[in-house]
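One structure below.
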Amino acid sequence: MALSFFISGFGSKDYSSEQLYALYRDSADTAFLQQLITLHGDALYYYLLRQSDRQLAEDISQQCWLKLLEQPDGFGGNSSFKTWLFTVARHCLIDELRRRSRWLAEDITAPLVDTTTCPLQQLNVQQQQQRWAAQLNALPFLQREALMLQLEGFTLAQISQITAQGEETVKSRLRYAKQMLQQLNGASNEQA
Amino acid sequence: MNRPDQFEQQLQQQYQHDKARHVLPAQVKNALLKQARQNQARQRHKAGWLCRNGWQGLWRNTQLALCCALLLLLGYLLQPVQPHSPLYYQISYSQDEAYRQVQHHVASNIRPQRQSNALAQAQQQYRLSGEQSRAFYAQTGLLQQQQDHWQIKVCDELLLTIDKQLLRQIDLSADITPQFAQWVEFTSDAAGLLIAIKPAAAPLHCSQG
């Protein structure tokens with residue numbers, strides 16, 4: 001058994017996420033799950049953290065991985081494992097936010113807000129926080145989500161799949177998000 | 001490097017930097033792995049059960065359950081097929097010095113054997129030959145209830161006994177009170193089978209000698 005653990009641990013570097021998932025599903029060996037968590041656990045948690053708060057991010061992370069434990073056949077292989085994992089997490093997050101009445105549908109086609117007023121005020125309020133986190137928090141949920149996913153390395157098609165929106169919509173969200181960040185950056189630099 | 005590229009790079013750096021500072025807490029990881037180990041242990045336990053009892057044991061139990069189900073099904077299917085024993089109206093005859101004829105009317109589940117009753121049937125046909133003009137005929141007699149049967153006496157001409165099982169098949173008038181001796185009119189068909197019994201309008205006067 002020790003030998004098999006050693007072999008599986010030794011060979012783990014070559015396994016893709018999808019292979020690790022299949023190995024875990026077929027063997028229920030926690031070593032494979034541990035590798036999956038190591039590969040994607042932090043990214044998922046960070047995405048959730050920036051979209052909610054620490055407590056909720058922990059809860060949703062746990063829920064997501066537990067779903068994998070309880071329904072090992074959940075991943076159908078229609079996308080990459082990471083895309084599937086983030087899709088599940090997003091659903092869990094939105095469900096939870098709706099349950100807590102914190103979910104507000106934001107109109108992505110709405111014109112860019114005037115960054116010299118509202119976001120700056122937000123920035124002032126969050127002076128104690130890190131500038132990056134404050135700037136991200138100033139973004140609307142959906143724009144922030146698109147940006148976070150892109151920075152995490154997802155392609156437009158994958159973001160589109162995770163958010164269940166068309167690629168053009170995703171592009172718009174990204175454009176608005178970056179424009180706002182640029183303005184916020186400029187504003188904060190001027191302040192500094 | 002132009003400004004947009006710089007901005008993208010700056011975003012990516014900030015993202016990676018911030019992400020590195022916020023990793024999945026160890027207690028969450030540990031809780032997940034603990035849960036996974038419990039799942040693994042459960043699965044191994046299940047697999048162990050199969051190994052201990054073997055697929056043969058499982059197959060044997062399945063066979064046993066299937067046999068029980070089959071037996072139940074057979075029992076259910078055969079139940080209505082069980083032969084329902086019909087009751088046959090039988091008339092037998094015996095001798096008694098006090099009466100010219102003694103008839104015993106019984107309902108029996110034994111099918112009458114025509115050969116052994118040939119004489120009785122011949123007698124019955126002979127007796128009934130004088131009544132062919134009418135399909136049914138009525139006689140008056142004195143009804144009395146005995147321990148296990150009823151009897152009707154027609155003077156010293158006829159003693160007719162009727163068993164209780166047969167009484168359920170006969171059309172009995174509600175006015176019949178078998179606890180007491182009662183004059184009744186009983187109707188038979190051409191074959192001598194008792195059809196109905198009802199109270200007689202008048203008693204029968206027997207001629208002496």
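Just give me the residues in the range B:157-176 being modelled with pLDDT of 80 or more and more than 15 Å from B:Ser92 (Cα to Cα), in sequence order.
Step one: filter the range B:157-176 for residues modelled with pLDDT of 80 or more, giving B:157-167, B:172-176.
Once the filter is applied, which keeps residues that are modelled with pLDDT of 80 or more and more than 15 Å from B:Ser92 (Cα to Cα), the range B:157-176 yields B:Glu157, B:Lys164, B:Gln165, B:Leu167, B:Leu172, B:Ser173, B:Ala174, B:Asp175, B:Ile176.
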Please verify whether the range B:30-49 includes one or more residues that are within 9 Å of chain A (Cβ to nearest Cβ), exposed (fewer than 13 other Cβ atoms within 10 Å of the Cβ) and either at pLDDT 90 or above or touching an Asp or Glu at 6+ places or on another chain (Cβ under 6 Å) (or both).
no
Please verify whether the range A:46-59 includes one or more residues that are in a loop (DSSP other than H, G, I, E, B), open to solvent by less than 40 Å² (accessible area, probe 1.4 Å), within 11 Å of chain B (Cβ to nearest Cβ) and not aliphatic (A, V, I, L, M).
no
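So for the range A:158-171 (the condition being farther than 21 Å from A:Tyr46 by Cα, modelled with pLDDT of 55 or more, more than 14 Å from chain B (Cβ to nearest Cβ) and exposed (fewer than 13 other Cβ atoms within 10 Å of the Cβ)), does at least one residue qualify? Break it down stepwise before answering.
Taking the range A:158-171 as the starting set, the residues that turn out to be farther than 21 Å from A:Tyr46 by Cα are A:165-169, A:171.
Filter once more, keeping what is modelled with pLDDT of 55 or more: A:165-169, A:171.
Applying the additional criterion that residues be more than 14 Å from chain B (Cβ to nearest Cβ) yields A:165-169, A:171.
Next cut, exposed (fewer than 13 other Cβ atoms within 10 Å of the Cβ) only: A:166, A:168.
Checking the range A:158-171: at least one residue is farther than 21 Å from A:Tyr46 by Cα, modelled with pLDDT of 55 or more, more than 14 Å from chain B (Cβ to nearest Cβ) and exposed (fewer than 13 other Cβ atoms within 10 Å of the Cβ).
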What are the pairs with Cβ atoms under 7 angstrom where one residue, in the range B:3-27, is facing chain A (nearest Cβ under 9 Å) and farther than 18 Å from A:Ala57 by Cα and the other, located anywhere, is of a type outside the set (Gly, Ala, Ser) and open to solvent by 80 Å² or more (accessible area, probe 1.4 Å)? Sequence gap at least six, or different chains.
B:Phe7/A:Gln182
For the range B:191-209, which positions are open to solvent by less than 40 Å² (accessible area, probe 1.4 Å) and at pLDDT below 85?
B:Gly192, B:Leu194, B:Ala196
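The values are calculated or read from the model by the stated rules, or taken from the named source; none is laboratory data. Predicted, not measured: the structure shown is a model, and the values here were computed from it. Neighbour counts run over all protein chains shown; Cβ positions are idealised from the backbone, glycine included. Just the protein is used for accessible areas: all its heavy atoms, side chains included, with ligands, DNA and RNA removed. Shrake-Rupley method; radii C 1.70, N 1.55, O 1.52, S 1.80 Å.
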